[in-house]
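Nothing in this text is a laboratory measurement; each read-out follows from the coordinates by a stated rule. These numbers were taken from a predicted model, which means no experiment stands behind them. Cβ sites come from the backbone with ideal geometry, for glycine too, and all protein chains shown count toward neighbours.
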There are 2 protein chains.
Amino acid sequence: MPNLDKQKNAAGKLIEFDMVSHTADELAHRHSAKDDHPLRFQGQGKILLALAQSDGLSQKELATRLNLAVQSTAEFVNKLVKKDLVTKEKSSADRRKTIIRLTDLGRETAAAETAKVPAYLEELTDTELDQLTAILTKINHHLYSDIDQASPTYANKFQETVADHLRDWFM
Amino acid sequence: MPNLDKQKNAAGKLIEFDMVSHTADELAHRHSAKDDHPLRFQGQGKILLALAQSDGLSQKELATRLNLAVQSTAEFVNKLVKKDLVTKEKSSADRRKTIIRLTDLGRETAAAETAKVPAYLEELTDTELDQLTAILTKINHHLYSDIDQASPTYANKFQETVADHLRDWFM
DNA sequence: AATTTTAGTCAGGGGGACCTGATTAAAATG
DNA sequence: CATTTTAATCAGGTCCCCCTGACTAAAATT
């Protein structure tokens with residue numbers, strides 16, 4: 001039976017981490033030139049990530065996979081097109097479909113989102129890194145089951161697009 | 001010189017954590033009744049947190065402390081008033097000022113934002129909790145210096161409103 | 001061939017985080 | 001007392017995420 005105080009400490013630190021890291025890269029972005037925002041796993045970022053894992057999906061497929069309305073998907077895709085991160089092209093096999101593909105820039109951007117090692121990790125020792133990885137693995141595992149409980153249908157797609165993507169990348 | 005692979009592993013897990021936890025509470029919220037959104041350390045959430053640490057500030061003070069335009073602050077405050085989380089009241093000492101105070105509900109909400117121990121922490125052992133706390137302390141420390149470098153003026157206010165708040169709470 | 005299903009699009013909307021500009025009311029100050 | 005500073009407000013805007021409704025074009029079905 002783990003100690004409640006220890007849990008609280010960790011919880012506090014996690015919240016702090018959330019706030020501090022949020023604020024830190026808010027400030028970082030304000031000072032860099034004409035860059036765009038974090039993106040993360042929302043809206044346009046979601047699309048990018050999904051494509052990075054399997055390129056050339058149709059809008060409909062993207063929408064289903066990401067649990068979004070097709071119209072929202074279309075909106076995000078269009079925004080990404082304007083930023084030259086993806087391209088739209090009519091499927092010749094089924095001319096109703098629009099195939100979305102990452103541009104080179106899009107691929108780079110998606111990779112950068114993911115592959116970048118934050119500077120603060122460089123300060124940790126090997127042991128700490130291992131510990132952190134182990135702990136996060138456990139936590140993420142737990143969260144996956146939460147997602148699965150809330151929406152079993154979505155859980156699969158989600159795990160496919162996100163977790164697998166990251167797993168291949170790093171482990 | 002820490003191992004780059006280990007850094008990458010940890011980085012991947014952190015990103016995964018970010019995405020997974022985001023998605024998890026997105027789903028969680030969709031299923032609960034008429035609740036409001038995460039709030040966090042942004043917009044309305046920022047205000048709430050600041051007030052939880054020192055109630056009865058004026059809008060101007062809030063704005064300065066949180067690095068927001070006074071108009072933005074006013075907007076968030078008004079939204080919070082509509083949700084019955086804070087009250088506005090003219091200062092009798094200086095009738096230009098509007099004093100913002102948390103309602104009971106607001107206080108509860110702010111506390112809930114902070115005090116809740118996420119379920120996933122319950123799965124960790126005491127040792128893991130200690131490790132996590134230690135690691136996050138280190139990381140947060142690093143991020144504070146980043147913030148300080150980016151905006152020394154803001155750093156103080158920030159640390160005051162956030163870090164101290166959490167520290168009193170937990171440690 | 002006629003109908004239905006499917007993939008997209010346009011239009012419009014709701015809520016959120018922020019900001020600048022212009023204006024008012026109340027203090028502070030010369 | 002007149003002017004300036006200060007705290008707020010209104011108005012209007014930008015961009016983001018995300019959804020419903022209405023409608024078209026192209027496949028699939030009957």
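Summary of computed values
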quantity	calculated
Among the residues listed as B:K116, B:K60, B:K97, the single one being within 13 Å of DNA strand C (Cβ to nearest atom) and exposed (fewer than 15 other Cβ atoms within 10 Å of the Cβ)	B:K60
Residue within region B:132-143 that is surrounded by fewer than 20 Cβ atoms within 10 Å (Cβ to Cβ), within 14 Å of another protein chain (Cβ to nearest Cβ), closer than 16 Å to B:F41 by Cβ and more than 16 Å from DNA strand C (Cβ to nearest atom) present	no
Tabulated pairs, region A:9-21, first more than 17 Å from B:A155 (Cβ to Cβ) and facing chain B (nearest Cβ under 7 Å), second among the aliphatic types (A, V, I, L, M) and not in a helix (DSSP H, G or I), C-beta under 7 angstrom, 6+ apart or interchain	A:N9/B:M171; A:A11/B:V117
Odd one out for A:E89 among (1) free of Cβ contacts under 8 Å to residues at least 24 places away in the same chain; (2) under 30 Å from B:A119 (Cα atoms)	(2)
Residue that is nearest to B:A24 (Cα to Cα) [pool: residues in region A:42-68 that are away from chain B (no Cβ under 14 Å) and of a type in the set (G, A, S)]	A:A63
Pick from region B:63-94, criterion more than 11 Å from DNA strand C (Cβ to nearest atom) and not hydrophobic (A, V, I, L, M, F, W, C), ranking: farthest from the chain's Cα centre (by Cα)	B:E89
Restricting region A:63-82 to residues that are more than 8 Å from DNA strand D (Cβ to nearest atom), surrounded by fewer than 19 Cβ atoms within 10 Å (Cβ to Cβ) and touching a residue at least 12 places away in the same chain (Cβ under 8 Å), the residue that is nearest to A:S151 (Cα to Cα)	A:T64
